[in-house]
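Novice: If you scroll down you'll find the structure; I have some questions about it.
Each reported figure results from applying straightforward, stated rules to the coordinates on display, with no laboratory input. The shown structure was predicted, so the numbers you read here are calculated from the model rather than taken from an experiment. All Cβ positions, glycine included, derive from the backbone under ideal geometry; neighbour counts span all protein chains shown.
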């Protein structure tokens, strides 16, 4: 699933290209993409609108339109948002056979197509069809994202804030990081990478962290996400950036998907376990498993 670095990469690549352009037409090819809003209604509402920016909130892409409206898109498991130019249609197929009349393997999974006023197209492709889009008034954006947690690159993401989120929590640290109501944008890949950088075991109870652990984890989350952005995202399966190209972060993983390989720090073997139904990779030697901190006992009441 595309996480914050992948979505941020797409955003940074596409915004300079599409800001100020008008959407000449929108063609929604899969009604599931924008349900419950009827396809025709969304197409009419968006066509002719000027694009004022492309932003991100957590794992969501925010296509800002004139008239104080935003088309919010989520890539989910296998979605991509890609700029297509002229006859040079993107083809990340790596040799796979195209269907008749197809210009690209991506076209097989095309769910929506934006025609821009400069003849270029913006494609939303999605093989598994979990991606979604919805049009919302800007005045309602804060309410829509009220349950979404703090942005990792914001000033609000501090060790103290992380401590308040984790206080009293017994869930494993891996599950804690995946909870989007805490830290927005961290998914399976970067949770593993952050926990390794912080030297914390993924099964440690979230509430067991001491101040030094909170500082380490806060810094590790930021560093892992920044590395992902520097690598243009991780292309393990379907992810492609805004130009239709693979990212390179998968070549820089410290532990994720590296089961049985040597730890980059100690040389021991990387281990895979399952936490909350997600494959989780860590180094048993480097990553310390914290113990649950005992609750403070209330003083016994004296008899009258």
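Novice: Once you've got the GNM for the chain with C-alpha springs shorter than 10 Å, pick whichever of 167, 112, 224 has the biggest mean-square fluctuation.
Specialist: So, out of 167, 112, 224, the one fluctuating most is 167.
Novice: Between 15, 143, 66, where does the largest GNM mean-square fluctuation fall for the chain, given springs only between Cα atoms within less than 10 Å?
Specialist: 143
Novice: OK, next. Using a 7 Å offset from the Cα along the Cα-to-Cβ direction at both residue 243 and residue 32, what is the distance between the two label points in nm, to one decimal?
Specialist: 3.2
Novice: Could you calculate the contour length gain from residue 199 to residue 143, that is, 0.36 nm times the residue separation minus the distance between their Cα atoms, to one decimal place in nm?
Specialist: 16.6 nm
Novice: Give me 84, 146, 222 sorted ascending by neighbouring Cβ count inside 10 Å, so fewest comes first.
Specialist: Working: 84 22, 146 8, 222 15.
Placing the least packed residue first, the sequence is 146, 222, 84.
Novice: List 125, 257 from most exposed to least, where exposure is judged by having the fewest other Cβ atoms within 10 Å.
Specialist: By the 10 Å Cβ count, ascending, the order reads 257, 125.
Novice: Would you compute, for the Cα atoms of the range 159-282, the largest minus smallest coordinate along each principal axis and list the three values in descending order, in whole Å?
Specialist: Per principal axis, max minus min of the Cα coordinates gives 43, 33, 25 Å.
Novice: Would you mind ranking 23, 51 by Cβ crowding within 10 Å, fewest neighbours first?
Specialist: Numbers: 23 21, 51 24.
In order of increasing Cβ crowding within 10 Å: 23, 51.
Novice: Per residue of the chain, what 222 nm ellipticity follows from adding -39500 (n - 2.57) for every DSSP H run with n ≥ 4, rounded to the nearest 500?
Specialist: Calculated from helices alone, the mean residue ellipticity at 222 nm is -7000 deg cm²/dmol.
Novice: For Cα extents along the principal axes in Å, the choices are [x] 59, 42, 37; [y] 59, 51, 33; [z] 78, 53, 29; which was calculated from the structure?
Specialist: [z]
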